[in-house]
Structures are given as C-alpha cells and as structure tokens.
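This report refers to the structure that appears directly beneath it.
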Amino acid sequence: MKPPVNSHKAATIADVARASNVSVATVSRVLNGNPKVAPELAKRVEAAVSEVNYRPNGAGRALRRQKSDLWAAIVPDIQNPFFVKVVDAFERVANAEGFSVVLCNTQEDLAREKASIETVIAHQVSGVLVAAASPQTKLRMFERYGIPVVTIDRRVNDFSGDAVTVDNALIGRMAAEHLLEQGRERALILSHTVELSPMRDRELGFRQRMAEAGHAVGERWVAHLAFQDGRQAIIRDLLRKRSGVDAVFCTTNTLTAEAFVALQSLGMEIGPQVGLVGVDDHRWNTMVQPQVTVVEQPAEQLGTWAGQLLATRSRGQTMNHGRITLDPVLQIRASSLRG
C-alpha cells in the first residue's frame, strides 16, 4: 500500500514517483515531455500526477533551466484596441506552445519601458514581444541574456532581429487614393510624432499620393499632436483655421475619434462636406452615424506571426531573422463618401 500524501502540504515530484512506482528521473522525463519514455509508464505517471494533485513549481523549474514558462509582451498603450487585438492573438499562440504571457504597459514612456525590460529579464522569460516606445529603445540586453525578442509595429534603431510590421506607407496611400476618388483636394492630416515609424510612414504615403495627383499637402495642413489629453480643442481650432478643408486623415484610431467629435461639434457634415478616414478598426467606428471609413491593420495576423516567430526561437531552432510585412485593408463607410 502506497503511503498517503499529506493533504496540507503541496505534493512533490517524489510523491508522484512513489504513487506511480517509478523513479524520480522517470517522472521528470514525463513532465518534460521526453518522447523516449514508454507509453505505459507515461500513463502511470500522468495518473499519479492527478492522484496526488501535483502542481509543477514554475519558479523552481525556471531556476534549473535558467528560463521560465513565461513570455512577455511589452506594449506602449494597452488601452489602444490595436494592441489589445495583437496581444490577444499573441497569447493564443503562447498558450498553445505551453507558455503564459505577462503584460507590461509602458504608456509611451522610455523610463517605464526600461524598467519593464529589466523586470522581464529578472523573471527569466523565454521570449519577448516588443512594441517600442521609441526608435532609441535598447534591445541589446535581451541578446546578452539569450532571450529571443520580436518587435512589432514600430522600427527600432540598431535592431535587425525578428520583426512583424504592416506596410504603413501603403496605409497612407490607400487613404489618399480613396479620398481622391471622392473628389477631395484639401486634406488635413492629424498625426502624432514623426519619430515613430508607423505615423511617419502613413503621413509620408498619404502626402506622396496627394502630390502625385496634384494636390500636395503643405506643412500647414499637417498637425503632430502629443499623446496627452487636450487634443480635441486643438483639432477644433485647426479645422476652423483651415478654410476649405474637405478631408481629414487621422493616423491612429484615437485621433479619428477625436476628429469625429470635433467635426460634429463644429457643425461640419461628415461625409458630404468633409471626408474622414482613420486607421485601425474598432467597435465604435460602426456604432456612430455616419459609420467611419478606416484603413485596417491585420492586428490578429500580426500577433499570430509574432507568436509563431517567438515559438520557433524559444524551441531553439536556428533560422534567419524573420522580417514580415503585412498588407492593410480599406474598410469603406459613409464618413468618407460624398453622398
């Protein structure tokens, strides 16, 4: 008869070995998925794991392997629906690979980002997804500790590793092309800092296409707004002072929402009078009237690709650095149509 396991004490690998009448080494091989263990022994160990209610000690395993069963996702704004979709898809891949995901929100702040990087390294994560707060983000620390990293969305200086992005210049060109088809000629661009590659490339693509059509967008018609609050009043002021504006292109979904409210508050008819096109789709875009035209990034695909690249690295497989660029999709709705 097997000795009873103390119900008030967490079961150990030795308890599993006693309950299954095998060695501790055999239990360890089964728990680590070693395919060389005989199937009947593996079944016996798995039954014993359930019998004694054994739960692996993740911290102890991390110490032994110098890696944990964790991945990390370091993103700049967890309230942004785009990053919510990316992380959700990324986490599904992680879970399928046997990893959990710890989330770090840097709030577009380099100091917070640096602290997040140090924290996930201290926790010996097995891989990291990073949407950088700045092109100057330092990723060399991960290489020093042998932690695989994949960047998404934003380019980082001096980083040539795995990256998944969207063709942001194409986003701008698609928005401009659609507005031109609607007869729009005087467009206002609302963006954030050009230091971040997605905003810079979207603005560049939009301006290039408008210039090709003979309707160049001058500097006075481009506004770079801070990430902080208070933008709506600035947008209203811009719209008042740009006589004849017949289109607004917003490089983020947050700016799109603020432009929508500003246009309505000024009594400007969205669609027939001023065409509005944003970037990234969200629930609110189809809950308002008129519904909002957007150029949508394939956020789920982006998160899935990032997870698959990281899974390959976490398994120790050797491959060339993956550089994946995805295409956006134009979702045409009433906000950009003349009538």
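The values are calculated or read from the model by the stated rules, or taken from the named source; none is laboratory data. The model shown is predicted, which means the values in this text are computed figures rather than measured ones. Positions of Cβ are generated from backbone atoms using ideal geometry, with glycine treated the same way; all protein chains shown enter the neighbour counts.
Here are the numbers for the structure shown:
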quantity	calculated
Residue check for D167: of a type in the set (D, E) and farther than 28 Å from Q289 by Cβ	yes
Some residue of the range 241-255 being surrounded by fewer than 20 Cβ atoms within 10 Å (Cβ to Cβ), among the polar types (S, T, N, Q) and at pLDDT 95 or above	no
Residue match in the range 159-168 (condition: without any contact (Cβ under 8 Å) to a residue 24 or more places away in the chain and on the phi > 0 side of the Ramachandran plot)	no
Qualifying position, being under 15 Å from D280 (Cβ atoms) and charged (D, E, K, R), among D167, D158	D167
Subset of the range 295-339 [hydroxyl-bearing (S, T, Y) and farther than 18 Å from T254 by Cα]	T304, T312, S314, T318, T325
Check on I152, more than 30 Å from E258 (Cβ to Cβ) and surrounded by 17 or more Cβ atoms within 10 Å (Cβ to Cβ)	no
Unmet requirement for R231, which otherwise passes all of (1) buried (at least 17 other Cβ atoms within 10 Å of the Cβ); (2) basic (K, R); (3) in contact with a His (Cβ under 9 Å, 6 or more places away or on another chain)	(3)
